[in-house]
Amino acid sequence: MSRIDLRALVSRLSRFYGSSVYGALLIVIVVGLVVPALAGYLLVAAQERRAAAAELDATLQRNAEILALGMQESLWNMNPEAARPLVDSVMRDPSVVRVQVRGAVDGPIEAGFIDVRAPVRKLGRVLRAEREIVVRGQSIGRLTIEMDDRRSEQALHRKQDNYALVLALQVALSMVLIVAYLQTRLHQPLRALAAFSERLSRGDFDTPLALRAKGELGLLGRQMERMRGAIRELFVDVARREEQFRTIVNQVPGAVFRAQPGGALEFVSDAIEDISGYPAGKLMRGTTGDWSNLVCPEDRRMRRRITRDAILSGRSYEIEYRIIDAHGMERWVLESGQPQGRPGEPGFRVDGILFDISERKHNEMRIEGLLVEQGAILDNVMFGVVFTRERRIVSANRRAEELFGYPAGGLLGQPASVLFASSDEHARAEDEFFPRMARGE
């Protein structure tokens, strides 16, 4: 495997390891099972190889000793036929490649006694052992035996393959059991908890948590279920309080508002539509500047000054001004507000109420016009006219002031007794004339 592939594999494993607890546990389990298994396999394979080599060498040395002892009499007598059965017996071992016995004649060893070779085949590593054949303390020849390790290697490979198969089956079975256990005790509860958390984040507080897990995850599930119930009760209580608040606000004869000066119009009740012609939702999507644009240009500066002074001083304010509603009609409103907090602080806002006073203002203007008209009429009559309230003069025409010798406006606020010569006459008038006047006679 190339270096780039190794990096890609490590990168993918790292992402999988960090993506979920379940994935991390799987990687840890795989590494924890496979790495020790591989280490054990390599260790056992090395030991088996050394044992096989030692066994082959021991077999070679044993065969050499047997042949050296068995060849003494035959070689002494120079009778190859007598030695043939022993050599054939040794050659039956598939690992024996060659057996050679050479006799010695007057010192030097010469070939020709026995030289048996196995049929030609593919050989492995050839091992050789030599022995002196000694009779009565005299060397009469030399034995050479050769064996190859091909069959030993094949047996070793079969043993290693069987061991690897058993080890792989053991690791696979262990992984299946562990994964099944984790799937039941960890993965499924975690998925249930994740789905439950997702429902909570979407505002679903009515669906209970279906979790049968035990242990720590079961305890966590029960705690989350209690939390769901508590949050549900909290939201129900908030909804109930909000409904009560809306009921109270809708009963207020005006539009309740909360605004950030120069910022968002956080809340305004539905009554604002009756005042301005614009729905509350549309105004709350805008800012206080959008409301200021509805104010008549002649009143904007005055409203801005009064509200700014009230906000800076932190006191409540009341201001009357005109707006142009959604239908292009001019309306009079009374704005009453109270700053909450200090300018520049987080959460600074103004809470207040808006009243539609258009009818009152129009009535006041009509009354003012009538009073002006009435005053003009009274000032031009030939007799004096005086209006009293609670024994005090509240209005008098010019003729009455001239008759009683008072300057213009001098009678206003005076007690009614100043119109009589004495207190007795005033008392007699109250007893006789005032009741008759009250009856309209």
- prompt: Which numbered condition trips up Glu233, out of (1) charged (D, E, K, R); (2) under 30 Å from Ile353 (Cα atoms); (3) at pLDDT 85 or above?
  reply: (2)
message: I need the full set of residues from segment 118-148 which are over 22 Å from Leu69 (Cβ atoms), assigned to a loop (DSSP other than H, G, I, E, B) and either touching a Phe, Trp or Tyr at 6+ places or on another chain (Cβ under 7 Å) or not aliphatic (A, V, I, L, M) (or both), in order please.
response: Pro119, Arg121, Lys122, Gly124, Arg125
- line: With criteria (1) in contact with a helix residue (DSSP H, G or I) (Cβ under 7 Å, 6 or more places away or on another chain); (2) buried (at least 19 other Cβ atoms within 10 Å of the Cβ); (3) of a type in the set (Gly, Ala, Ser), Ala64 comes up short on (1)
query: Only one of (1) in a helix (DSSP H, G or I); (2) more than 30 Å from Val30 (Cα to Cα); (3) in contact (Cβ under 8 Å) with a residue 12 or more places away in the chain fails for Gln154. Which number is that?
result: (3)
query: Any idea which of (1) modelled with pLDDT of 80 or more; (2) surrounded by 10 or more Cβ atoms within 10 Å (Cβ to Cβ) is the one Gly347 doesn't satisfy?
result: (2)
task: Among the numbered conditions (1) surrounded by 16 or more Cβ atoms within 10 Å (Cβ to Cβ); (2) in contact with a Ser or Thr (Cβ under 8 Å, 6 or more places away or on another chain), tell me where Ala192 comes up short.
output: (2)
field: Subset of segment 195-219 [surrounded by 16 or more Cβ atoms within 10 Å (Cβ to Cβ) and touching a residue at least 24 places away in the same chain (Cβ under 8 Å)]
entry: Phe196, Leu200, Phe205, Ala213, Leu217
query: Which condition number does Arg246 fail, the rest of (1) closer than 30 Å to Ile357 by Cβ; (2) surrounded by 14 or more Cβ atoms within 10 Å (Cβ to Cβ) being met?
result: (2)
task: Mind listing just one residue for me: the one in segment 24-48 that is exposed (fewer than 15 other Cβ atoms within 10 Å of the Cβ) and not hydrophobic (A, V, I, L, M, F, W, C) and, of those, farthest from Ala168 (Cα to Cα)?
output: Gln47
- prompt: Condition test on Glu345, is it under 42 Å from the mean Cα position of the chain (by Cα) and either among the charged types (D, E, K, R) or assigned to a loop (DSSP other than H, G, I, E, B) (or both)?
  reply: yes
- request: Identify all residues within segment 224-272 that are of a type in the set (Val, Ile, Thr) and within 27 Å of Arg308 (Cβ to Cβ); write none if there are none.
  value: Val249, Val252, Val256, Val268, Ile272
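The values are calculated or read from the model by the stated rules, or taken from the named source; none is laboratory data. Note that the structure is predicted; figures quoted are calculated from it, not measured. Reconstructed Cβ throughout: ideal geometry from the backbone, glycine too, with neighbour counts over all protein chains shown.
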